[in-house]
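The values are calculated or read from the model by the stated rules, or taken from the named source; none is laboratory data. Note that the coordinates shown come from a computational prediction; the quantities given were computed from them, not determined experimentally. Side chains are part of the model used for accessible areas, which takes the heavy atoms of the whole protein and leaves out ligands, DNA and RNA. Shrake-Rupley method; radii C 1.70, N 1.55, O 1.52, S 1.80 Å.
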Amino acid sequence: MEHSKNTLIQINQYGMGHGDPSLAIKLMGSYLKLILDDDRLPKIITFYNAGVKLLHKDSPVLETLKLIEAQGVVLLACKTCLDFYEMSDLMAVGIPGTMMDIITLQANASKVITL
């Protein structure tokens, strides 16, 4: 599977969009499945703020994120955010990184998409 050049997706909330939380999770799950199924994977997905909760061992989108990671996409979570939500030991996919890592990845990306 070919990755979309040097595209970086940023996920900064637990779900997609504003409004009903259950709809937000449903939309996020749909988005992640569609980019996987349609071969439009980014090179990197960063997670910060409440977005890190999607990497939790009980996340409703965990299986899709595991499939995305298995395709070579780097899933990087803000370590400060993981610590804030007390879930450093509960992360089931991805790797922790610093805010400087995220800044560097953003600067080096050819396209940044924020969900």
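Of note:
- When both segment 60-99 and segment 18-57 are represented by their alpha-carbon centers, they are found 11 Å apart.
- To the nearest 10, the accessible area of TYR48 is 50 Å² with a 1.4 Å probe.
- Ellipsoid fit via the Cα gyration tensor, segment 1-59: semi-axes of 21, 13, 10 Å, each the root of five times an eigenvalue, largest first.
- The lysine pair count for segment 21-85, using Cα distances under 20 Å and pairs eight or more places apart or on different chains, is 14.
- Accessible area per residue for segment 29-115, computed on protein heavy atoms with a 1.4 Å probe, is 53 Å².
- Over all projection directions, the Cα-based convex hull of the chain averages an area of 6.4 nm².
- Cα shape, segment 69-115, gyration tensor, a/c 1.5 rule: oblate
- Carbon plus sulfur fraction of accessible area for segment 45-114, probe 1.4 Å, in percent: 56 percent
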